[in-house]
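Engineer: I have a structure I would like to understand better, so I am pasting it below and will then ask my questions one at a time.
The values are calculated or read from the model by the stated rules, or taken from the named source; none is laboratory data. Since the model is a prediction, treat every value here as computed from it, not as a measurement. Glycine also receives a Cβ, built like all others from the backbone with ideal geometry; neighbour counts cover every protein chain displayed. Each accessible area value is taken on the protein alone, full model and side chains, heavy atoms only, with ligands, DNA and RNA left out. Shrake-Rupley method; radii C 1.70, N 1.55, O 1.52, S 1.80 Å.
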Amino acid sequence: MSGPIHASLAATNGALAEKYAAFVAASEGALSPELVALVRQAVAAVHGMGEGPDESALDEATRTALAYARRMPFEHTAISDDEAAAVTHHLGEPGFVAFSVVTALADAECRAAQVDLPELSGV
């Protein structure tokens with residue numbers, strides 16, 4: 001596990017860092033590694049931290065999920081029930097929950113990196 005949140009936790013509270021890493025692994029483990037990577041890339045692009053994924057070879061359901069993921073960081077209150085239902089239809093209810101967690105964690109990691117959380121926390 002890596003990333004600014006885990007680094008900060010590992011330096012200040014090893015037990016919590018382990019629980020965080022397990023939570024991230026469980027959430028990501030409920031989805032395909034390819035989707036997890038695409039979500040991370042899409043969210044990072046929203047934050048101006050790299051290019052978005054090439055969606056040209058992706059199926060419609062995956063493109064719909066990525067569109068949803070891109071909206072979560074700054075437009076989450078504007079996401080409609082229909083948009084959520086489209087992603088749920090593709091991933092199933094447990095998959096949708098895991099997808100939402102993975103997307104939220106990708107957003108949190110990007111924000112933590114932008115403010116250099118480890119440095120702020122004295123790591």
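Engineer: Rounded, prolate or oblate, given the Cα gyration tensor of segment 1-103, with a/c below 1.5 counting as rounded?
Structural biologist: Prolate is the answer for segment 1-103, as a/c is 1.5 or above and a/b outweighs b/c.
Engineer: While we're looking at this one, here's another question. Would you mind working out the accessible area per residue for the chain, using a 1.4 Å probe, and quoting it in Å²? Mind dumping the intermediate values first?
Structural biologist: On the way: 6760 Å² over 123 residues.
Solvent-accessible surface per residue comes out at 55 Å².
Engineer: Of the listed peptides 73-81, 94-102, what is their order by residue-averaged count of other C-beta atoms within 10 Å, with the highest listed first?
Structural biologist: 94-102, 73-81
Engineer: Short version: ³J(HN,Hα) in whole Hz for each residue of segment 101-111, in order, from phi by Karplus 6.51 cos²θ - 1.76 cosθ + 1.60 (θ = phi - 60°), x for Gly and Pro, what are they?
Structural biologist: 5, 4, 5, 5, 5, 4, 4, 4, 5, 5, 4
Engineer: Per DSSP H run of n ≥ 4, the term is -39500 (n - 2.57); total these for the chain, divide by its residue number, and report the mean residue ellipticity at 222 nm rounded to 500 deg cm²/dmol.
Structural biologist: Value at 222 nm, helices only, nearest 500: -25000 deg cm²/dmol.
Engineer: Just want the answer: with Cβ charges of +1 for Lys and Arg and -1 for Asp and Glu, which residue in Gly50, Ala106, Pro94 is farthest toward the dipole's positive end in the chain?
Structural biologist: Working it through, the farthest residue towards the positive pole turns out to be Ala106.
Engineer: Now a separate question. Per the 1.4 Å probe, what fraction of the accessible area of the chain, in percent, lies on carbon and sulfur atoms?
Structural biologist: Carbon plus sulfur share of accessible area: 58 percent.
Engineer: Next question, about the same structure. In 5 Å bins starting at 0, how do the alpha-carbon pair distances of segment 43-123 split up by percent?
Structural biologist: Computed distribution, short to long bins: 3, 14, 22, 23, 18, 10, 5, 4, 1.
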